[in-house]
Amino acid sequence: MIALLLLIPIFFCLGSFLNCMAYRLVHLQHPRTSRSCCPVCKQIIAWYDLIPVISWIFLRARCRRCAAPISFLYPLIELLTVIIFLGLIYKIPMEYLFGYGIFFAALIISIRTDLETMLISRFVTLCLIPIGFMLSLLGLLPIHFSQALLGTIFGYFILWGIAKMFYLLTGKHGMGEGDYDLLAFIGSFTGVVGVWLSLLLGSVVGSIVGILLIAWSGKKQMTQPIPFGPFLAGGAILYVLFQTQITSFLLY
Ligand SMILES: [Zn+2]
């Protein structure tokens, strides 16, 4: 238990790193370009202003030099990373920590980019599918290679099919291609059952949040579409952490 507490600062730094990767992926900066700077005034950010969560609160969500606002996504992603990775260490057997660690890191990056820009980078979805295949072949994920392969195909085409049907019925585009890529990636790490339950959990939570947002914004038309990626990614994380409970709940 104490060992878990010692990991918290490390996971905060990991969250900070994932924030940085997500930002650079959608703003098309090379992930290895030098030090972090303010996107508005270009001032390099000092180390004491890069402390996860604390700096954001201390600076009152503004740049020290130009007072440009700093997104709430920074502390949100850092806290989320800590909670998710503590869950990983606590719940997942040792031999699968590496595989699921990569999986969760990519999902957290997708959550951030989709919330910020409604985009999901293929670098953290399609490009990592071969890694899922390799890890399943090496026994570093609890699924067989054939399950990873089927999960990928199923993940991509089920959303593609739903989106096509939705378009035929309503003439509107409901989902982005980034969502198909994301669910295919989820399939490569969790198989067909993982895809199915991530989609189910993501849709249930997404619908509840959607209804709450509509209720909260009153009768006004919702102007901003809600990204679906964070719910799919969240569904996949819940599935991996609670798969025994979820499958026994659904089967018995
Ligand atoms: Zn600034």
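The values are calculated or read from the model by the stated rules, or taken from the named source; none is laboratory data. What you are looking at is a predicted structure, and each value in this text was computed from that prediction instead of being measured. Because the Cβ atoms are built from the backbone with ideal geometry, glycine has one as well, and the counts that use them run over all protein chains shown. Keep in mind that these areas ignore ligands, DNA and RNA; they rest on the heavy atoms of the full protein, side chains included. Shrake-Rupley method; radii C 1.70, N 1.55, O 1.52, S 1.80 Å.
Roughly how many nanometres apart are two label points built 7 Å out from the Cα toward the Cβ at His144 and Ala61?
5.0 nm
Over the range 1-137, what is the relative contact order in percent, taking alpha-carbon pairs closer than 8 angstrom and at least six residues apart? Don't skip to the answer; put the middle values down first.
Values: 117 pairs, mean separation 38.9, N = 137.
28 percent.
To the nearest 20 debye, what is the magnitude of the charge dipole of the chain about its Cα centre, counting +1 on the Cβ of each Lys and Arg and -1 on the Cβ of each Asp and Glu?
Working: 15 positive and 8 negative charges, 167 e Å.
With Lys and Arg at +1 and Asp and Glu at -1, about 800 debye.
Which of the aspartates and glutamates could a cross-linker span from Lys164 if the Cα-Cα distance has to be under 14 Å and same-chain partners fewer than 8 positions apart are dropped?
Answer for Lys164, where 14 Å is the Cα cut-off: Glu177, Asp179, listed by chain and number.
For the range 119-127, take each phi angle, set θ = phi - 60°, evaluate the Karplus expression 6.51 cos²θ - 1.76 cosθ + 1.60, and give the result in whole Hz per residue in order, putting x for glycine and proline.
Going residue by residue, I get 10, 10, 6, 5, 4, 10, 10, 4, 5 Hz, with x marking Gly and Pro.
Report in % the part of the accessible area of the range 92-251 that belongs to carbon and sulfur, leaving out ligands and nucleic acids; probe 1.4 Å.
Values: 6290 of 8510 Å².
Summing carbon and sulfur atoms, their accessible area is 74 percent of the total for the range 92-251.
Order of 66-72, 173-179 by packing, highest average Cβ count within 10 Å first?
On the way: 66-72: 13.4, 173-179: 18.1.
Ranked by mean Cβ neighbours within 10 Å, highest first: 173-179, 66-72.
Rolling a 1.4 Å sphere over the protein heavy atoms, what is the accessible area per residue of the chain, to the nearest Å²? List each step's numbers first, then the result.
On the way: 14730 Å² over 252 residues.
Per-residue accessible area for the chain comes out at 58 Å².
Need one word for the range 92-251: rounded, prolate or oblate. Basis is the Cα gyration tensor (sqrt eigenvalues a ≥ b ≥ c); a/c below 1.5 gives rounded, then a/b vs b/c decides.
Values: a/c = 1.85, a/b = 1.66, b/c = 1.11.
Prolate.
If eta is 1.002 mPa s and T is 20 °C, what Stokes-Einstein diffusion coefficient results for the range 1-94, Kirkwood Rh from Cα pairs, in µm²/s? Write down the numbers at each step before the final one.
Numbers: Rh = 14.3 Å.
Estimated via Stokes-Einstein, D reaches 150 µm²/s.
Could you tell me which residue out of Gly155, Leu128, Ile8 lies farthest along the dipole of the chain toward its positive end? Charges go on the beta carbon: Lys and Arg +1, Asp and Glu -1, centred on the Cα centre.
Ile8
Name the most mobile residue of Ser36, Ser188, Ser146, meaning the one with the largest mean-square fluctuation, in a Gaussian network model of the chain with Cα contacts below 10 Å.
Among Ser36, Ser188, Ser146, the largest mean-square fluctuation in the Gaussian network model of the chain belongs to Ser36.
What list of ³J(HN,Hα) values in whole Hz, one per residue of the range 88-104 in order, does the Karplus curve 6.51 cos²θ - 1.76 cosθ + 1.60 (θ = phi - 60°) give from phi, with Gly and Pro shown as x?
Those phi angles translate into 4, 5, 6, 9, 9, x, 3, 5, 9, 4, 4, x, 6, x, 4, 4, 5 Hz.
Hey, what did the chain get for relative contact order, percent, Cα under 8 Å, at least 6 apart? Write out the running numbers ahead of the final one.
Values: 315 pairs, mean separation 43.5, N = 252.
Relative contact order, the chain: 17 percent.
Quick one: ranking Trp47, Trp216, Trp160 by accessible area, 1.4 Å probe, largest first, what do you get?
My answer, sorted largest first, is Trp216, Trp47, Trp160.
Placing +1 on the Cβ of each Lys and Arg and -1 on the Cβ of each Asp and Glu in the range 92-251, which of Val209, Thr170, Phe145 has its Cα farthest towards the positive end of the resulting dipole?
Result: Thr170, furthest along the dipole toward the positive end.
In Å and whole numbers, how far do the C-alpha atoms of the range 84-149 stretch along each principal axis, longest first?
35, 28, 14
From the square roots a ≥ b ≥ c of the eigenvalues of the alpha-carbon gyration tensor of the range 1-157, which class results: rounded (a/c under 1.5), prolate (a/b over b/c), or oblate?
Numbers: a/c = 2.71, a/b = 1.59, b/c = 1.71.
In terms of gyration-tensor shape, oblate.
Ranking request for peptides 192-199, 17-24, 92-99, 137-144: highest mean number of other beta-carbon atoms within 10 Å first, then the rest in descending order.
Details: 192-199: 22.8, 17-24: 20.0, 92-99: 14.0, 137-144: 16.5.
Ranked from most to least packed, the peptides come out as 192-199, 17-24, 137-144, 92-99.
Which value in deg cm²/dmol, rounded to the nearest 500, describes the helix-derived mean residue ellipticity at 222 nm for the chain, given -39,500 (n - 2.57) per DSSP H run of n ≥ 4 and division by the residue count? Could you put the intermediate results ahead of the total?
Values: 9 runs with 167 residues, N = 252.
Calculated at 222 nm, the ellipticity per residue is -22500 deg cm²/dmol.
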